Each structure stands twice: as structure tokens, then as C-alpha cells.
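Peer 1: Sharing a structure here in C-alpha cells format.
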Amino acid sequence: KEQGGEACSAFPSTVTPSIAKAMAQGGAAGAVLARSVGMEVRVIDVGMAVDVDFPGLLVDKTARGTRNFTLQPAMTGEECAAAVGAGRRAVQALAHAHALSLGEIGIGNTTA
């Protein structure tokens, strides 16, 4: 059981930065699919629990992870508003795009 979690994920949350790096550098399945149809992939760290730095990563961090929602709210209203604001800024920066697909990378963060 991961610290603060409910043991509901096959992998610990420490895997998240590796998956984010693979996505940003074009090696993850989603990035490969996007590239196959000519789409650009941007990875934005809005709330990874750790600070990371690698090529292709944009940072607009609003918090370091979330809390266990079985014990308390995962985010405060302020944290949620800040995360939505980060999404809004990302969309505004891509106003020229013909298509936009949003997703999240969170491994082992289902309850923590």
C-alpha cells in the first residue's frame, strides 16, 4: 500500500514522471498515435507530486499531487480553480489549433 493511498493501482505514483517524460519525448502510445495523424503533443505539469525537468515538459504547477479523497477532499476549491486556470491558459496558447485533445497522466494517484 502506497503511503496515503488505498492500494488500488498496479503501479506507484512514482511512475508518473517516467510516463510524462515518455509522452513528452514521443515514446508513449498516446504520443505515437498523435504523431501518426500529424498532431503535436504538449505535456504540462499541473500537479505532479515531484518536480521534474526534461525536454518537452511545460510547467504550470498548481499543487504537488492531491490528497486521499477517501479521507478528505482531494483538492481545495482554490487548488481546483488554479488547475482549471492552468488548463485555460494551455487552451488559449493553442487557439490556432484545428483540434485539441486533453488528457491526464496520473499513475497510482486514484486516491492520493
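Peer 1: Carbon and sulfur: what percent of the chain's accessible surface (1.4 Å probe)?
Peer 2: Accessible surface attributable to carbon and sulfur in the chain totals 58 percent.
Peer 1: Same structure, new question: Okay, helix-only estimate at 222 nm for the chain: each DSSP H run of n ≥ 4 adds -39500 (n - 2.57), divide by all residues, round to 500 deg cm²/dmol; what do you get?
Peer 2: Taking each H run of at least 4 residues, the total per residue is -9500 deg cm²/dmol.
Peer 1: OK, next. How far, in degrees from 0 to 90, does helix 77-93 lean away from the longest principal axis of the Cα atoms of the chain, to the nearest 10?
Peer 2: 10
Peer 1: Roughly how big is the chain's charge dipole about its Cα centre, with Cβ charges of +1 (Lys, Arg) and -1 (Asp, Glu), in debye to the nearest 20? Show your work: numbers first, answer last.
Peer 2: Working: 9 positive and 10 negative charges, 31 e Å.
About 140 debye.
Peer 1: Okay, next question. Putting +1 on Lys and Arg Cβ atoms and -1 on Asp and Glu Cβ atoms, find which of 37, 22, 101 reaches farthest to the positive end of the dipole of the chain.
Peer 2: The listed residue farthest towards the positive side: 37.
Peer 1: Next question, about the same structure. Residues of the chain: accessible area per residue at 1.4 Å, in Å²?
Peer 2: So the chain comes to 67 Å² accessible per residue, rounded to a whole number.
Peer 1: Considering amide H positions built from the backbone, and no H for Pro or chain starts, which residues 5 or more places from residue 59, or on another chain, come under 5 Å of its amide H?
Peer 2: Result for residue 59 returns 45.
Peer 1: Contact order normalised by length for the chain, with contacts defined as Cα pairs under 8 Å and 6 or more residues apart; what percent is it? Before the final figure, lay out the partial values.
Peer 2: Values: 137 pairs, mean separation 41.3, N = 112.
Value for the chain: 37 percent.
Peer 1: Now, a different point. Over all alpha-carbon pairs in the chain, figure out the percentage whose distance exceeds 15 Å.
Peer 2: Taking all Cα-Cα pairs of the chain, the fraction more than 15 Å apart is 67 percent.
The values are calculated or read from the model by the stated rules, or taken from the named source; none is laboratory data. In this text, all values refer to a predicted model and were calculated from it rather than measured experimentally. Cβ atoms come from the backbone with ideal geometry, glycine included; neighbour counts cover every protein chain shown. Protein only, heavy atoms only, side chains kept; ligands, DNA and RNA dropped before computing areas. Shrake-Rupley method; radii C 1.70, N 1.55, O 1.52, S 1.80 Å.
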